[in-house]
Structures are given as C-alpha cells and as structure tokens.
1. Answer yes if at least one residue in the range 94-107 is within 21 Å of SER146 (Cα to Cα), polar (S, T, N, Q), assigned to a helix (DSSP H, G or I) and out of contact with any Lys or Arg (no Cβ under 7 Å at 6 or more places or on another chain), and no otherwise.
2. For residues that are assigned to a loop (DSSP other than H, G, I, E, B) and in contact with a helix residue (DSSP H, G or I) (Cβ under 8 Å, 6 or more places away or on another chain), scanning just the range 202-211, find the one that is surrounded by the fewest Cβ atoms within 10 Å (Cβ to Cβ).
3. Given ILE215, ILE153, ILE183, which one is under 29 Å from GLU7 (Cα atoms) and of a type in the set (A, V, I, L, M)?
4. What pairs can you find where one residue is in the range 178-204 and under 22 Å from THR48 (Cβ atoms) and touching a residue at least 40 places away in the same chain (Cβ under 8 Å), the other is crowded, with 16+ Cβ neighbours inside 10 Å and of a type in the set (Phe, Trp, Tyr), and their Cβ atoms are less than 6 Å apart, with a gap of 6+ or different chains?
5. Is at least one residue of the range 170-189 under 18 Å from LYS212 (Cβ atoms) and outside any helix (DSSP H, G or I)?
6. Can you tell which of THR12, THR58 is among the β-branched types (Val, Ile, Thr), touching a Pro at 6+ places or on another chain (Cβ under 8 Å) and either farther than 16 Å from ASP169 by Cβ or not in a strand (DSSP E or B) (or both)?
Amino acid sequence: METVKVENVKKTYQLGKTFVPALNGVNFNIKNGEFTCIVGPSGSGKTTLLNIIGCLDTPTEGTAILFGKHDVSKLNDKEATKLRRGKIGFIFQTFNLIPVLNVYENIEFPLIIQGISKEEREKRVNELIDEVGLREFVKHKPEELSGGQRQRIAVARALVTKPELVLADEPTANLDSENGANIMRIMRELNEKHNATFIFSTHDQRVIDMAKRIIKIEDGRIKEN
C-alpha cells in the first residue's frame, strides 16, 4: 500500500501582486515503511512539499493522497486536524518542545490530547524513553538538555502516538555532526522496528547517506535518482 501518492502537485504563493511558484508539477509515490529523504537547496520547495503531505497546507493544483484514501485538498480543518493527530508525527528542526514540561511530560502530551488511558500512556512513553536513551533525564526540562537530547525527545514524541507517517523537516540542522548522526541512527532503527514511513528533508550529506531512498527537488520539480 502507498502511504503517499502525489500527482501533478503545484503550489503558488501570492506576495502582493506577485505570484511565486513553490512547486511545479510534482509526482511521486511512497510506500509503507519507506525511509525517504527529500533533498534540495533552500527555496527548492521541499518544506512546502512536506507541509502539504502533513496536511498543514494544500496544493494550488493536483492531488496528494494519504493512506490510499485521504485527498489533502478536500479535507476541512477538522478532518485535517484529526488526520494529523492520529496518523502523522512531526519532527521539527527547532524541536518545538513545551518548556514547562519535562522529558516524560513532553513525550506524553500528544497521548493526553488523544485521550489515551494513563496505563497505556505510561507503557508507550517509557518504552520510547528507553529506545531513544533518555531514561536518566526523564525529570529534566528542555532548557537543561543539549540539542541532541532535545531532538531525541522530539523523535520520541513524534512516535508515541504510533503514527503511520513521520515527517521531519531538517531534523539535524541545529545539531553537531555526532548528534546528527545519532538522531538519524535512532530514526532508522525506529523505522525498522515500528515500520512507520519516514519522510525527511535535508541538504546535509551525512543524513542523505543514511537514507534508503533519495528524492531530489530543484526549483519545485522532482528529479529522482
């Protein structure tokens, strides 16, 4: 089954009287369980593409079908929110953690929103804390941790809801080479263990080297290897 099917997707933004094309007829499919890297320079359209796949934006033309049945352009706000909450995990380069919550609470938070029972929350959160190597830091707040540790929290938080699709926008951009490599290793291990589909954008060659599939984007157009 295909997790993502993108057909002739175009996206144009209006800035005053000027129309700026971000995507120019993008086509590709991503199957369940793939570990895919979208590569391109700044301004190439990769973030716009991830936002559309993640139901944070809609195409100007074309279709983006998720999980074989959800057309992003036809979802209303409530439907898009439900899909993001239930089936999609996000990992941001700026971490987007809640500063007043500790490690455990940051990872647990999406489950509280979903109404998951306390017993199930404890099981899932503790499992992922161990998998990303943060057991000794569970009571720490984000400001007390390194960039690499914060990104591990973000990875665990993205996976705790057991999403079918995980989107990561420049996940190593704010990390040094060692921490960046560790985050990618963890993501790949979790991809293999949980069979979640991973799509991440980057222009970091070290990250590209760990991808199972590479999709290149230039000037809003796909040029796949």
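1. We begin by selecting, within the range 94-107, every residue within 21 Å of SER146 (Cα to Cα); these are 94-107.
Then drop every residue that is not polar (S, T, N, Q), which leaves 94, 96, 102, 106.
Within this subset, residues satisfying the condition of being assigned to a helix (DSSP H, G or I) are 106.
Next, only the ones that are out of contact with any Lys or Arg (no Cβ under 7 Å at 6 or more places or on another chain) stay: none.
No, there is no match, as no residue in the range 94-107 is within 21 Å of SER146 (Cα to Cα), polar (S, T, N, Q), assigned to a helix (DSSP H, G or I) and out of contact with any Lys or Arg (no Cβ under 7 Å at 6 or more places or on another chain).
2. Filtering first and then ranking leaves MET210.
3. ILE215
4. Matching pairs, first to second residue: PHE198/PHE35.
5. Yes.
6. Values: THR58 fails: touching a Pro at 6+ places or on another chain (Cβ under 8 Å).
Every option except THR12 fails the conditions.
Conditions (1) among the β-branched types (Val, Ile, Thr); (2) buried (at least 23 other Cβ atoms within 10 Å of the Cβ); (3) more than 22 Å from ILE88 (Cα to Cα); (4) modelled with pLDDT of 95 or more, marked per residue:
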| site | (1), (2), (3), (4) |
| --- | --- |
| ILE113 | yes, no, no, no |
| ARG124 | no, no, no, yes |
| VAL132 | yes, yes, no, no |
| LYS141 | no, no, yes, yes |
| GLU170 | no, no, no, no |
| GLU178 | no, no, yes, no |
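Matching residues to (1) among the basic types (Lys, Arg); (2) on the phi > 0 side of the Ramachandran plot; (3) in contact with a strand residue (DSSP E or B) (Cβ under 6 Å, 6 or more places away or on another chain):
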| position | (1), (2), (3) |
| --- | --- |
| ARG84 | yes, no, no |
| ILE88 | no, no, yes |
| ILE91 | no, no, yes |
| PHE109 | no, no, no |
| ILE116 | no, no, no |
| ARG150 | yes, no, no |
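The values are calculated or read from the model by the stated rules, or taken from the named source; none is laboratory data. All values reported here derive from a predicted model rather than from experimental measurement. Note that each Cβ is placed from the backbone with ideal geometry, even for glycine, and that neighbours are counted across all protein chains shown.
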